[in-house]
Amino acid sequence: MDNFEYLNGSLNCEEVPLSRIANEVGTPTYVYSRDALERAYLAYAEALKGRDALVCYAVKANSNIGVLNILARLGAGFDIVSLGELERVLRAGGDPAKVVFSGVAKKADEIKRALEVGIHCFNLESDAELDRVNAVAAEMGQTARISFRVNPDVDAKTHPYISTGLKENKFGIDIDSALDVYRRAAALENVEVVGIDCHIGSQLTELSPFLDALDRLLVLIDQLADEGIKLKHLDLGGGLGVCYTDEVPPTPAEYIEAISERLGDRELGLVFEPGRSIAANAGVMLTRVEFLKQTGEKNFAIIDGAMNDLIRPSLYGAYQEIVPVELREEGETKTWDLVGPVCETGDFLGKDRELNLQANDLLAVCSAGAYGFVMASNYNTRGRPAEVIVDDNKFVVVRERERVSDLMRGEHLLPKDA
Ligand code: LLP
């Protein structure tokens, strides 16, 4: 975790005690460190200095407009997958000319809006999507810049749900048919072929799958050049892993250096779409212990954060560290399952954790800055948590906690006479 440290037995984010945030904003609450976000982004930007390159933060990892604003101010680009994400980027002051649009099924209205604001590139995933983008651009009298997401058929060696670069996955265009699709695109009136992209999976902790994918893409890039289709950029997607427990993933600098070596003297701009490696370790989710319940079998700590607030443990069996906000000297360490109030056995944030707990304690679920709040739901009609950004010794609520009235917005009773 970056910028979350104990000071006199109390866990701080930058210079703000997390207990202060919990007392003023309540729990569960996501807390992000501005400085950690900035440093994680700059690790990419600085390693790419002097190159024709774009770091397009993957908005899906954490789309709070406060977070996007911090990155936009540093000049970041953005990788989006929906109209909603595009509007967030614009609202946060992001430059549309630095936006790439990913995703397997862009709708006509999404394409239209992206063309209107002048995004950098559409990352297309199928023949059919090519036709749709060409048709919408033609209607608008425009030319859309496009890239194809190629599926290189490499094993990212990560969780199957977040592995995307294998033949059996729904993503991208099979590398063996890519040449034909590029030829077809080159002949269309309203698209300009500018790039190639791939994204093989998330939470990769080794370089070799990235480099295998790159090698396959380079063969294709050279074949295309021989046919007169000269690409301007190569987009390697996101995927760089982070440390949740004891993983030691490559740094952005190591990753970028290894890629640069492989590129040789090809004149290709580079695009990256990092999400997790920018946001994950910049955030925690704060939660409070409601009750301790000890059965003959198990010790349960029932906390106020649940699977609807942070679904990664339930969905992927993901492990995220859970630490006390205030260290306690007296008392006894026991083994606890940390479970939420949702009516499902799968509602846990951690199992078999050694902690010295009492009711009312505050806990921080670590590495929760990416794929945390964004995957939260209203299951059990629970309002989603508040979000806070800490900046030195100050903090700002960048998203208010949802109220029950928010949860029924847009719902209707049947008419009285029905
Ligand atoms: N680009 C594309 C096209 C993607 O599909 C993704 C993530 C990224 C970039 C960003 O990847 P990252 O740098 O964050 O690895 N909910 C899962 C992760 C799903 C990732 C989906 N795609 C989790 O909580 O682990």
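In table form, for the structure just shown:
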| read-out | value |
| --- | --- |
| Matching residues, the range 83-105, being surrounded by fewer than 24 Cβ atoms within 10 Å (Cβ to Cβ) and under 17 Å from S147 (Cα atoms) | P96, A97, K98, G103, V104, A105 |
| Condition broken by Q223, with the remaining ones in (1) touching a residue at least 24 places away in the same chain (Cβ under 8 Å); (2) polar (S, T, N, Q); (3) within 26 Å of A370 (Cβ to Cβ) satisfied | (3) |
| Residues of the range 142-161 classified as part of a loop (DSSP other than H, G, I, E, B) and within 15 Å of L179 (Cα to Cα), total | 1 |
| Subset of the range 239-280 that is among the hydrophobic types (A, V, I, L, M, F, W, C) and within 11 Å of the ligand (Cβ to nearest atom) - its residue that is farthest from G75 (Cα to Cα) | V242 |
| Selected residue (only one of A108, A128 is exposed (fewer than 14 other Cβ atoms within 10 Å of the Cβ) and under 26 Å from E227 (Cα atoms)) | A128 |
| Per-region count, the range 314-353, residues touching a strand residue (DSSP E or B) at 6+ places or on another chain (Cβ under 8 Å) and modelled with pLDDT under 95 | 0 |
| Neighbours by Cβ (under 7 Å, 6+ apart or cross-chain): first from the range 233-251, under 18 Å from A368 (Cα atoms) and of a type in the set (G, A, S); second near the ligand (Cβ under 9 Å from one of its atoms) and part of a loop (DSSP other than H, G, I, E, B) | G238/H199; G238/S202; G238/E273; G238/P274; G238/G275; G239/H199; G239/S202; G241/Q203 |
| Search result, residues across the range 368-395 that are in contact with a Ser or Thr (Cβ under 9 Å, 6 or more places away or on another chain) and small (G, A, S) | G369, A370, A386 |
| Flag for E267 being farther than 18 Å from A53 by Cα, of a type outside the set (A, V, I, L, M) and not in a strand (DSSP E or B) | no |
| Residues satisfying the stated conditions in the range 255-280, i.e. touching an Asp or Glu at 6+ places or on another chain (Cβ under 9 Å) and of a type in the set (K, R) | R262, R266 |
| Close pairs from the range 86-103: first over 15 Å from E116 (Cα atoms), partner of a type in the set (K, R) and not in a strand (DSSP E or B), Cβ under 8 Å, at least 6 apart | G93/R73 |
| Residue ID - farthest from K230 (Cα to Cα), chosen from residues in the range 139-166 that are away from the ligand (no atom under 16 Å from the Cβ) and of a type in the set (G, A, S) | G141 |
| Meets criteria (over 17 Å from N151 (Cα atoms) and within 19 Å of the chain's Cα centre (by Cα)) for T164 | no |
| Enumeration of residues in the range 71-82 that are surrounded by fewer than 23 Cβ atoms within 10 Å (Cβ to Cβ), touching a residue at least 24 places away in the same chain (Cβ under 8 Å) and on the phi < 0 side of the Ramachandran plot | L74, S82 |
| Enumeration of residues in the range 167-205 that are more than 20 Å from D79 (Cα to Cα) and either within 14 Å of the ligand (Cβ to nearest atom) or not in a loop (DSSP other than H, G, I, E, B) (or both) | N169, D174, A178, L179, D180, V181, Y182, R183, R184, A185, A186, T205 |
| Selected residue (criterion: farthest from Y182 (Cα to Cα)) from residues of the range 193-228 that are within 28 Å of the chain's Cα centre (by Cα), of a type in the set (D, E) and surrounded by fewer than 22 Cβ atoms within 10 Å (Cβ to Cβ) | E206 |
| Test: residue in the range 123-134 that is assigned to a loop (DSSP other than H, G, I, E, B) and not assigned by TED's automatic domain parsing to the domain that holds N169 | no |
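Per-residue answers, yes or no, for (1) outside the structural domain of L362 (by TED's automatic domain parsing); (2) more than 13 Å from A253 (Cβ to Cβ):
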{"residue": "S10", "(1), (2)": "no, yes"}
{"residue": "V16", "(1), (2)": "no, yes"}
{"residue": "A22", "(1), (2)": "no, yes"}
{"residue": "T27", "(1), (2)": "no, yes"}
{"residue": "E38", "(1), (2)": "yes, yes"}
{"residue": "Y44", "(1), (2)": "yes, no"}
{"residue": "G50", "(1), (2)": "yes, yes"}
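To keep it simple, each residue is scored yes or no on (1) in contact with a His (Cβ under 8 Å, 6 or more places away or on another chain); (2) within 16 Å of the ligand (Cβ to nearest atom); (3) assigned by TED's automatic domain parsing to the domain that holds G296; (4) assigned to a strand (DSSP E or B).
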| position | (1), (2), (3), (4) |
| --- | --- |
| D309 | no, yes, yes, no |
| L315 | no, yes, yes, no |
| Y319 | no, yes, yes, no |
| V323 | no, no, yes, yes |
| G331 | no, no, yes, no |
| W336 | no, no, yes, yes |
| C343 | no, no, yes, no |
| G346 | no, yes, yes, no |
| G350 | no, yes, yes, yes |
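The values are calculated or read from the model by the stated rules, or taken from the named source; none is laboratory data. No experiment lies behind these values; they were computed from the predicted model shown. Neighbour counts run over all protein chains shown; Cβ positions are idealised from the backbone, glycine included.
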